[in-house]
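Take a look at the structure below.
The values are calculated or read from the model by the stated rules, or taken from the named source; none is laboratory data. This structure is a prediction, so every number in the text was calculated from the model and none was measured. Backbone-built Cβ (ideal geometry, glycine too); neighbour counts: all protein chains shown.
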């Protein structure tokens with residue numbers, strides 16, 4: 001059976017850090033938030049300094065800390081938003 005990768009979307013300054021607006025990760029099994037961060041930081045080391053301020057959303061809803069990501073999920077890395 002063929003699986004679809006997890007699509008990770010980057011916004012605002014995270015696009016500048018990664019030099020892309022999205023990245024696909026092929027999964028062999030569900031992945032925790034910690035595992036996802038490890039994969040992303042291995043690919044994009046500059047993301048490490050943003051980790052504490054970035055929220056993750058899975059399929060357009062904020063992901064709880066115990067979230068598991070699986071095939072065909074869409075994950076958005078959402079940096080802090082400021083406004084005025």
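List of remarks:
- Taking the range 54-81 as the range and being under 12 Å from the mean Cα position of the chain (by Cα) and more than 20 Å from residue 5 (Cα to Cα) as the test, the residues that pass are 54, 55, 79.
- Residue check, residue 15 at pLDDT 95 or above, surrounded by 12 or more Cβ atoms within 10 Å (Cβ to Cβ) and outside any strand (DSSP E or B): yes
- When 7, 51 are checked against the criterion of being assigned to a strand (DSSP E or B) and under 13 Å from the mean Cα position of the chain (by Cα), a single residue qualifies: 7.
- Condition check for residue 75 on (1) surrounded by 16 or more Cβ atoms within 10 Å (Cβ to Cβ); (2) out of contact with any helix residue (DSSP H, G or I) (no Cβ under 9 Å at 6 or more places or on another chain); (3) part of a strand (DSSP E or B): one failure, at (2).
- Any hit, the range 30-37, residues being buried (at least 17 other Cβ atoms within 10 Å of the Cβ), in contact (Cβ under 8 Å) with a residue 12 or more places away in the chain, in contact with a helix residue (DSSP H, G or I) (Cβ under 7 Å, 6 or more places away or on another chain) and part of a strand (DSSP E or B): no
- Each residue in the range 18-29 was checked for being within 16 Å of residue 57 (Cα to Cα) and surrounded by 14 or more Cβ atoms within 10 Å (Cβ to Cβ), and 2 of them qualify.
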